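Student: Got a structure here, written out as structure tokens. Questions coming.
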Amino acid sequence: MRVVSLPSPFYHIWRHLPLVLTPKVQERLRWLSCWQALRKQGLSSTEASYTLNLPRSTLYRWQKRLNEGGPPGLEERSRRPRHRRQPTWSPELAQAVLSLREEYPRWGKDKLVVLLRREGWLVSASMVGRILTRLKARGVLREPPGSRGSLRRRWWPRPYAIRKPKDYQAHQPGDLVQVDTLELRPLPGVVLKHFTARDVVSRWDVLEVHTRATATIAQGFLDSLMRRMPFPIKAVQVDGGSEFQAVFEEACREKNIPLFVLPPRSPKLNGHVERAHRTHREEFYEVYDGDLEMEPLNLALKQWEWVYNHVRPHQALDNRTPQEYLRQCHPDVAPLSHM
């Protein structure tokens, strides 16, 4: 066998190549240089580290690594623990978990542990969770892909409605009116669709009830809302219900009223009108014993609306009615006190 070597000057040059330091090493060298300079000026190591706003232990650790390995010793090192927790389950248990998960791909550890115990395995839910995590990391267990025929509702872009901007704040009456519907079943076979509109500043409510909740009916409620609110409506906020689309959305566009639509599954963002639903259900519908036909029911509901806005104290308004709040805080839009 023939051994071929390079000329000796090459090895001398290779051993004395200039070091290429990473930005992290250069930064740490600068900190150490500043720390040593402060100590030479008479500061203690504690005072110098406090001046640099760095822990003294970190500076000593960097200095030790620099002394032992030179500048390359300041490179980032692996933070992996020296001792890692090893699996305590048997391959048979892991296979049992894998088989059950493949049979029931949408079940988690809390359901799988019950099935495993039925088969005689003495195992905890946390161990089943660790087994699933390990199986996924090894690529043995793969989550099923989502079906294109999923029954989950798709959310299409709206032609006019938008998400409420984060910087939009309601300070004056009418700045934001929340509108929502509530389904009521006072008697078997009787379904009512209750519409509530609440101004978030004055808590002024406008109410109507119908047998259906369609976009056309919601459009008519918008007209009633604009007539019966004692101030101009500057923006309306609704959820993603179908009754607040189509002609309702077009009506808001024609009236130049900004329409804010909530993200999916977020009723808490419509909290004012959701709380109003509870009030009207408890204080009106649960004590109402009159006719459930639309005309007499809406007449009684309108009388209750007047009581709510002019008589009933509201704790959020310091026990004032919405009418009193408007008269005291916004006299330019205060409604008349007569019915």
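Student: Enumerate the helices (runs of 4 or more DSSP H) found wholly within region 201-310, keeping only those where 2 or more residues are in the same structural domain as Pro322 (by TED's automatic domain parsing), closer than 23 Å to Glu324 by Cα and in contact (Cβ under 8 Å) with a residue 12 or more places away in the chain.
Tutor: In region 201-310, 215-228, 271-280, 294-310 are the helices (runs of 4 or more DSSP H) which contain 2 or more residues that are in the same structural domain as Pro322 (by TED's automatic domain parsing), closer than 23 Å to Glu324 by Cα and in contact (Cβ under 8 Å) with a residue 12 or more places away in the chain.
Student: Could you tell me whether region 62-75 includes any residue that is touching a Pro at 6+ places or on another chain (Cβ under 9 Å), among the polar types (S, T, N, Q) and surrounded by 11 or more Cβ atoms within 10 Å (Cβ to Cβ)? First the steps, then the outcome.
Tutor: Filtering region 62-75 for residues touching a Pro at 6+ places or on another chain (Cβ under 9 Å) gives none.
The answer is no, given that none of the residues of region 62-75 is touching a Pro at 6+ places or on another chain (Cβ under 9 Å), among the polar types (S, T, N, Q) and surrounded by 11 or more Cβ atoms within 10 Å (Cβ to Cβ).
Student: Is it the case that region 276-283 has a residue that's of a type outside the set (Asp, Glu), modelled with pLDDT of 90 or more and touching a Lys or Arg at 6+ places or on another chain (Cβ under 7 Å)?
Tutor: Yes: region 276-283 contains one or more residues that are of a type outside the set (Asp, Glu), modelled with pLDDT of 90 or more and touching a Lys or Arg at 6+ places or on another chain (Cβ under 7 Å).
Student: Continuing with the same structure: Got a number for residues in region 71-87 being touching a residue at least 12 places away in the same chain (Cβ under 8 Å) and either out of contact with any helix residue (DSSP H, G or I) (no Cβ under 9 Å at 6 or more places or on another chain) or closer than 30 Å to Thr133 by Cβ (or both)?
Tutor: The total comes to 2.
Student: Please list, ordered by residue number, the helices (runs of 4 or more DSSP H) wholly in region 34-141 having 1 or more residues that are over 37 Å from the mean Cα position of the chain (by Cα). So that I can check it myself, show each step before the final result.
Tutor: Numbers: elements: 45-52, 56-69, 91-103, 109-118, 125-138.
Hits in region 34-141: 45-52, 56-69, 91-103, 109-118.
Student: Anything in region 136-168 that is modelled with pLDDT under 75, among the hydrophobic types (A, V, I, L, M, F, W, C) and farther than 28 Å from Phe260 by Cβ? List them, or say none.
Tutor: none
Student: May I pose another question? Given Ala276, Ala251, Ala246, Ala316, which one is exposed (fewer than 15 other Cβ atoms within 10 Å of the Cβ) and among the small types (Gly, Ala, Ser)?
Tutor: Details: Ala276 fails: exposed (fewer than 15 other Cβ atoms within 10 Å of the Cβ); Ala251 fails: exposed (fewer than 15 other Cβ atoms within 10 Å of the Cβ); Ala246 fails: exposed (fewer than 15 other Cβ atoms within 10 Å of the Cβ).
Unique residue meeting the criteria: Ala316.
Student: Within region 169-189, track down each residue that is outside any strand (DSSP E or B), modelled with pLDDT of 90 or more and over 22 Å from Thr321 (Cα atoms). Give the derivation first.
Tutor: Our first condition is that a residue be outside any strand (DSSP E or B); within region 169-189, this holds for 169-176, 185-189.
Pick out the ones that are also modelled with pLDDT of 90 or more and you get 169-176, 185.
Across region 169-189, the qualifying residues are Gln169, Arg185.
Student: Can we say Arg80 is under 30 Å from Glu143 (Cα atoms) and either touching a strand residue (DSSP E or B) at 6+ places or on another chain (Cβ under 7 Å) or at pLDDT below 85 (or both)?
Tutor: Working: under 30 Å from Glu143 (Cα atoms): yes; either touching a strand residue (DSSP E or B) at 6+ places or on another chain (Cβ under 7 Å) or at pLDDT below 85 (or both): yes.
In short, yes.
Student: Within region 209-239, which residues are touching a His at 6+ places or on another chain (Cβ under 8 Å) and closer than 15 Å to Phe260 by Cα?
Tutor: none
Student: Which one of Arg134, Arg101 is in contact with a Pro (Cβ under 8 Å, 6 or more places away or on another chain) and surrounded by 13 or more Cβ atoms within 10 Å (Cβ to Cβ)?
Tutor: Details: Arg101 fails: in contact with a Pro (Cβ under 8 Å, 6 or more places away or on another chain).
The unique qualifying residue is Arg134.
Student: Another question about this same structure. Being touching a strand residue (DSSP E or B) at 6+ places or on another chain (Cβ under 9 Å), more than 17 Å from Val209 (Cα to Cα) and at pLDDT 90 or above is the filter here, so list the residues in region 298-319 that pass it. Before the answer, list the steps.
Tutor: First, the residues of region 298-319 that are touching a strand residue (DSSP E or B) at 6+ places or on another chain (Cβ under 9 Å): 298, 301-302, 304-305, 308-309, 313-314.
Keeping just the survivors that are more than 17 Å from Val209 (Cα to Cα) gives 309, 313-314.
Within region 298-319, Asn309 is the sole residue that qualifies.
The values are calculated or read from the model by the stated rules, or taken from the named source; none is laboratory data. Everything numeric here is computed off the predicted structure, so don't read it as measured data. Cβ coordinates were reconstructed from backbone atoms using ideal geometry, including for glycine residues, and neighbour counts include every protein chain displayed.
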